[in-house]
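Worksheet for the structure shown next.
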Amino acid sequence: MEKFKDRKIIKLLKKSPEDGIKMVIDVYGSAVNTICKNILINLNSEDIEEAISDTFFKLWKNVDNFNVEKNKSLKSYIYAIARNTCFDKLKSFNCNTSLFDVDENDLGIDVNMEDEYSKLHNKKIIKTTLDNFKEPDRSIFILRYFYFEKVKVIASKLNLSEKKVENILYRSKTKLKEELIKGGIIYEKD
């Protein structure tokens, strides 16, 4: 069902970009807005709005790079564009940020992200590890580290205590750290 919707949006973006963008905003606009606001929390509203607009512009500009059969989902593709757009904006303001989706300092390791192979290898380990997380652990981790939701908001959304969310995040980070140390490309901290 989702691939059908993705195909429809992609086709519309190519055939009638204005209508395609309107559809994408209707479907994914709220989530893109949340991602941008959470990442760019310290910037003004104009910069946040610019990042949101840039996200949809980049989607339209790069629509030919998205393959419905090859890529997991249009939603993931758009959310990645939003995160990267925000990180680029933070870099332009000389804000200290990492392009790594999970803060490696929180994991207690230094991740080698110097070359494309390292990035792909580590991302594959992260994806496999996340795919193996049970619910609600997987949702909590994704909400925190991919959507940058606050623990309080996650707890409220999932009807859990903040302490429970914090404990799940701690266990999840520990598991991810173990997997990256076991098979990832990392530098051990001194």
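The values are calculated or read from the model by the stated rules, or taken from the named source; none is laboratory data. This one's a predicted model, so the numbers in the text were calculated from it and none came from an experiment. A quick note on method: Cβ atoms are made from the backbone with ideal geometry, for glycine too, and the neighbour counts reach across all protein chains shown.
Take residue 37 and tell me if it is assigned to a helix (DSSP H, G or I) and surrounded by fewer than 16 Cβ atoms within 10 Å (Cβ to Cβ).
Working: assigned to a helix (DSSP H, G or I): yes; surrounded by fewer than 16 Cβ atoms within 10 Å (Cβ to Cβ): no.
It is false that residue 37 is assigned to a helix (DSSP H, G or I) and surrounded by fewer than 16 Cβ atoms within 10 Å (Cβ to Cβ).
Only one of 117, 147 is modelled with pLDDT under 85 and within 24 Å of residue 30 (Cα to Cα); which? Write out each step before concluding.
On the way: 117 fails: within 24 Å of residue 30 (Cα to Cα).
The unique qualifying residue is 147.
Being closer than 20 Å to residue 40 by Cα, at pLDDT 80 or above and either exposed (fewer than 15 other Cβ atoms within 10 Å of the Cβ) or not polar (S, T, N, Q) (or both): is that true of residue 90 here? If you could, list the steps in order and put the result at the bottom.
Details: closer than 20 Å to residue 40 by Cα: yes; at pLDDT 80 or above: yes; either exposed (fewer than 15 other Cβ atoms within 10 Å of the Cβ) or not polar (S, T, N, Q) (or both): yes.
Against the criterion (closer than 20 Å to residue 40 by Cα, at pLDDT 80 or above and either exposed (fewer than 15 other Cβ atoms within 10 Å of the Cβ) or not polar (S, T, N, Q) (or both)), residue 90 qualifies.
Does segment 65-75 contain any residue that is in contact (Cβ under 8 Å) with a residue 24 or more places away in the chain, charged (D, E, K, R) and either part of a helix (DSSP H, G or I) or within 16 Å of residue 145 (Cα to Cα) (or both)?
yes
Could you give me the residue pairs with C-beta distances under 9 Å whose first residue belongs to segment 35-51 and is outside the structural domain of residue 142 (by TED's automatic domain parsing) and without any contact (Cβ under 8 Å) to a residue 60 or more places away in the chain, whose second residue is of a type in the set (Val, Ile, Thr) and surrounded by fewer than 17 Cβ atoms within 10 Å (Cβ to Cβ) wherever it lies, and which are 6+ apart or on separate chains?
Between residues of segment 35-51 that are outside the structural domain of residue 142 (by TED's automatic domain parsing) and without any contact (Cβ under 8 Å) to a residue 60 or more places away in the chain and residues that are of a type in the set (Val, Ile, Thr) and surrounded by fewer than 17 Cβ atoms within 10 Å (Cβ to Cβ), the close pairs are 48/41.
Which of the following residues is closer than 28 Å to residue 153 by Cα, aliphatic (A, V, I, L, M), surrounded by fewer than 17 Cβ atoms within 10 Å (Cβ to Cβ) and free of Cβ contacts under 8 Å to residues at least 24 places away in the same chain: 80, 31?
Just a single option satisfies the conditions, and that option is 80.
Could you tell me how many of the residues in segment 143-161 are without any contact (Cβ under 8 Å) to a residue 12 or more places away in the chain, surrounded by 14 or more Cβ atoms within 10 Å (Cβ to Cβ) and more than 19 Å from the chain's Cα centre (by Cα)?
1
Scan (1) hydrophobic (A, V, I, L, M, F, W, C); (2) under 24 Å from residue 34 (Cβ atoms); (3) at pLDDT below 85 for the single condition residue 180 breaks and write down its number.
So the condition that residue 180 fails would be (2).
Consider residue 106 carefully, then state whether it is modelled with pLDDT of 70 or more, surrounded by 11 or more Cβ atoms within 10 Å (Cβ to Cβ) and part of a helix (DSSP H, G or I). Break it down stepwise before answering.
On the way: modelled with pLDDT of 70 or more: no; surrounded by 11 or more Cβ atoms within 10 Å (Cβ to Cβ): yes; part of a helix (DSSP H, G or I): yes.
Taking the combined requirement at face value, the residue does not satisfy it.
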